[in-house]
1. Could you list, in sequence order, all residues of region 112-131 that are open to solvent by 60 Å² or more (accessible area, probe 1.4 Å) and under 13 Å from Ala80 (Cβ atoms)?
2. Taking region 61-94, which residues are basic (Lys, Arg) and farther than 17 Å from Ala126 by Cβ?
3. Considering only region 88-111, how many residues are within 30 Å of Lys128 (Cα to Cα) and surrounded by 10 or more Cβ atoms within 10 Å (Cβ to Cβ)?
Amino acid sequence: LLSFRSRSSPPQRAAPACALLPRPSALALLQQPPPPIDASARRWNITRPSRWHPKTYPVPSGRSRRARGLPKKLKTNRAAAQRFKLRGDGTFTHKAAGKAHLQAGERRRATLAKKAPRVVTHKGLAKKLRRLLPYA
């Protein structure tokens, strides 16, 4: 025979210890002094560091770079930065074209020659690259 459980309520659990303590009211929390902030945190404007914002930035001084007598920042052209590299001797290099696909019919020496970086020899292009990559 099948037996059915009675439809009584499940047994009650005991309340956790933290639930038995009195909760502070919102007014009491507002009247408490804020936690002290150390001097280094105040300089970096960190009141509540967060794990979602690990980077912290200094408080801006309020004066522009021009007012402080600093030069204007130059932007690096990201497309040129990803394609060209500056060597120690001041020349620019780039990867050779034709290494992506369709190399099956090509001679081995030609394929291997494309591994070496190509040097930019055109003076006009080198001048343009210096303008595009000011911090290279």
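1. Those that are open to solvent by 60 Å² or more (accessible area, probe 1.4 Å) and under 13 Å from Ala80 (Cβ atoms): Leu125, Lys127, Lys128, Arg130, Arg131.
2. Arg63, Arg65, Arg66, Arg68, Lys72, Lys73, Lys75, Arg78
3. The qualifying residues number 10.
The values are calculated or read from the model by the stated rules, or taken from the named source; none is laboratory data. In this text, all values refer to a predicted model and were calculated from it rather than measured experimentally. FYI the Cβ positions are ideal-geometry reconstructions off the backbone, even for glycines, and counts take in every protein chain you see. Surface areas here come from the heavy atoms of the whole protein model, side chains and all, with no ligands, DNA or RNA. Shrake-Rupley method; radii C 1.70, N 1.55, O 1.52, S 1.80 Å.
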